[in-house]
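These notes concern the structure reproduced below.
The values are calculated or read from the model by the stated rules, or taken from the named source; none is laboratory data. Keep in mind that what you see is a predicted model, and the values were worked out from it rather than measured. Heads up, the Cβs are rebuilt from the backbone with ideal geometry, glycines too, and the neighbour counts pull from every protein chain shown. Side chains are part of the model used for accessible areas, which takes the heavy atoms of the whole protein and leaves out ligands, DNA and RNA. Shrake-Rupley method; radii C 1.70, N 1.55, O 1.52, S 1.80 Å.
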Amino acid sequence: MPASSFPDELRDLGVAALIRDDAEATALASADFGNVSVAPPPAAVLYPSCPADIAALLRASCARPSPFPVSARGCGHSVRGQAGAPGGVVVDMPSLGQLGGGSTSGRLSVSVEGQYIDAGGEQLWVDVLHSALAHGLTPRSWTDYLHLTVGGTLSNAGISGQAFRHGPQISNVQELDVITGSGEMVTCSKEKDGDLFDAVLGGLGQFGVITRARIPLVPALTRARWVRLLYTGAAALTGDQERLIDVECGGTVSGLMDYVEGTVLADKGLIGSWRSLSPSSSSSSFFSEPDVAARVAKLAEEAGGVLYCLEGALYYGGAAGGESDVDKKLEVLLRELRYARGFASVQDVSYVGFLDRVRDGELKLRAVGLWDVPHPWLNLFLPRSRVLDFAAGVFHDILRRGATGAMGPVLLYPMNRNRWDSETSAVFPEEEEEVFYTVGILRSAVSDGDLGRLEEQNEEILRFCEEAGISCVQYLPYYADQTGWQKKHFGPAKWARFMERKRKYDPKAILSRGQRIFTAPLA
């Protein structure tokens, strides 16, 4: 359909004035954080003033003999054009937060008595945090980068180093307002329209547009004791990580940390990472002081060129107090964990500063022109039993053998399966192991030729897993066609459920065709 026909067709629905089809609007809507490829542009962009505008657009598409695709776009933080709508309409979700001349007050509402926050799907998690903290409350589960939308992370999973205790963000939702692919506006929860609720969470935008989420809150703490410990081997790191996240075993260090993550440091990435910036200092890394850096380099040489870092935090303060308790916990951790002695760094920061620490790194990269570069990221979930095989084959071989000038962190940290809800659409390893691992290879192509080399290396990593029989699952996945999704991502049982839900809530496959799961109405 020609772009110019969109406003005419939708005028009777009252949304024509909210649609733009000029080159500037469509080009912006087809760009994303990945900068890996240029998605085919949409024919138009809808700037909704309220959720009903989105519903009207979807109903208009449904009414056509050949429905046009519709995709919701928040911050455009996808990496492979997943939020695109080739030849269709992209919904600019942040427009919902501009009601009342730019105020977000109507789209963020805290219930102190009910201990929850109602947040528009377009709202940023950093704004959710500050709105909740104004009442001494906070959500329990986060994504590491808070400048993403609520609807965007809930359409995937939303994970960070707190997920071992509280589960991903999709396990911390009480209620959703959703607009289905047929334009129906539904309020759903586990108790009401539970199948739609489960489908949308982790559903990659395939079943509905999230316009509101009710997030449970707990009393907020105010401080974080930020800990970084260096390790010379993957076995020691993962062993300690698993002891820390085993919150039910009652071990010496079990559950002492509120946040548990890990970083792989190899060669040029040994000293510093944009994710490691201190919110209270201009230092690029806890370990960047010249004398410490020399010691780290020597340790790395002795370890064969690869080190590991356990990053964690203990929260305290606020009404709960707890500074003396956090001191005691830290003493136990530093005594019991098996890190390289003499390579521990501890810093006391605000709770907000710790949660929003990645933003500091972003601003520094923006200042030197290194933020808007290609990001050929690869995120995987691995079964616990194969994580050391993966470390040997990937961290100690593939990543070092194909070293380039690329920059960016490589993450490694465990999850507890019992904190994930298998009824949602999110996919994680099928092995019957309580623990599985997240690996995030989050590199940026900063020099000529880096992008091609990094993409080839990602493919080599996936081939290695297949040949070694490591049944990894992609998080924030991308496949070129439906066959890849069906065979490599979902598997027979999960694909059957996914298809059943698609037929029920978006039978004309209007939503999120940029994911390339469905590219035309279902047969």
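What about Ser182, is it in contact with a strand residue (DSSP E or B) (Cβ under 7 Å, 6 or more places away or on another chain), surrounded by fewer than 22 Cβ atoms within 10 Å (Cβ to Cβ) and not charged (D, E, K, R)?
Details: in contact with a strand residue (DSSP E or B) (Cβ under 7 Å, 6 or more places away or on another chain): no; surrounded by fewer than 22 Cβ atoms within 10 Å (Cβ to Cβ): yes; not charged (D, E, K, R): yes.
It is false that Ser182 is in contact with a strand residue (DSSP E or B) (Cβ under 7 Å, 6 or more places away or on another chain), surrounded by fewer than 22 Cβ atoms within 10 Å (Cβ to Cβ) and not charged (D, E, K, R).
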Do we find a residue being within 23 Å of Leu310 (Cα to Cα) and in a helix (DSSP H, G or I) anywhere in segment 418-432? yes
Can you tell me how many residues in segment 485-508 are touching a helix residue (DSSP H, G or I) at 6+ places or on another chain (Cβ under 7 Å), touching a residue at least 40 places away in the same chain (Cβ under 8 Å) and over 16 Å from Pro429 (Cβ atoms)? 4
In segment 494-514, which residues are under 21 Å from the mean Cα position of the chain (by Cα) and assigned to a loop (DSSP other than H, G, I, E, B)? Ser512
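Looking for something in a loop (DSSP other than H, G, I, E, B) and on the phi < 0 side of the Ramachandran plot - is there at least one such residue anywhere in segment 481-493?
Taking segment 481-493 as the starting set, the residues that turn out to be in a loop (DSSP other than H, G, I, E, B) are 481.
Filter once more, so that each one left must be on the phi < 0 side of the Ramachandran plot: 481.
Yes, segment 481-493 has at least one match.
Given the residues Leu370, Leu382, which is the only one that is in a loop (DSSP other than H, G, I, E, B), among the hydrophobic types (A, V, I, L, M, F, W, C) and either open to solvent by 10 Å² or more (accessible area, probe 1.4 Å) or touching a residue at least 24 places away in the same chain (Cβ under 8 Å) (or both)?
Working: Leu382 fails: in a loop (DSSP other than H, G, I, E, B).
Among Leu370, Leu382, only Leu370 is in a loop (DSSP other than H, G, I, E, B), among the hydrophobic types (A, V, I, L, M, F, W, C) and either open to solvent by 10 Å² or more (accessible area, probe 1.4 Å) or touching a residue at least 24 places away in the same chain (Cβ under 8 Å) (or both).
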Modelled with pLDDT of 95 or more, crowded, with 21+ Cβ neighbours inside 10 Å and either of a type in the set (A, V, I, L, M, F, W, C) or assigned to a helix (DSSP H, G or I) (or both): which single residue out of Leu265, Leu244 fits that description? Leu244
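Matching residues to (1) in contact with a Gly (Cβ under 7 Å, 6 or more places away or on another chain); (2) modelled with pLDDT under 95; (3) among the basic types (Lys, Arg):
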| residue | (1), (2), (3) |
| --- | --- |
| Leu58 | yes, no, no |
| Val70 | yes, no, no |
| Ala83 | yes, yes, no |
| Asp92 | no, no, no |
| Gly97 | yes, yes, no |
| Gly114 | no, no, no |
| Thr138 | no, no, no |
Tell me whether segment 75-89 contains one or more residues that are open to solvent by 30 Å² or more (accessible area, probe 1.4 Å) and either over 18 Å from Arg516 (Cα atoms) or in contact with a Leu (Cβ under 7 Å, 6 or more places away or on another chain) (or both). yes
Restricting to segment 406-450, give me the number of residues that are of a type in the set (D, E, K, R), in contact with a Ser or Thr (Cβ under 9 Å, 6 or more places away or on another chain) and either open to solvent by 20 Å² or more (accessible area, probe 1.4 Å) or without any contact (Cβ under 8 Å) to a residue 24 or more places away in the chain (or both). 6
Restricting the search to segment 125-153, which residues are part of a helix (DSSP H, G or I), in contact (Cβ under 8 Å) with a residue 40 or more places away in the chain and touching a strand residue (DSSP E or B) at 6+ places or on another chain (Cβ under 6 Å)? Val128, Ala132, Val150, Gly151
Restricting attention to segment 176-202, which residues are under 11 Å from Glu423 (Cα atoms) and either in contact (Cβ under 8 Å) with a residue 24 or more places away in the chain or in a helix (DSSP H, G or I) (or both)? Gly194, Asp195, Leu196, Phe197, Asp198, Ala199, Val200, Leu201, Gly202
Given (1) touching a strand residue (DSSP E or B) at 6+ places or on another chain (Cβ under 7 Å); (2) modelled with pLDDT of 90 or more; (3) aliphatic (A, V, I, L, M), Leu355 misses just (1)
So which of Arg400, Arg453 is open to solvent by 50 Å² or more (accessible area, probe 1.4 Å), in contact with a strand residue (DSSP E or B) (Cβ under 8 Å, 6 or more places away or on another chain) and not in a strand (DSSP E or B)? Arg400
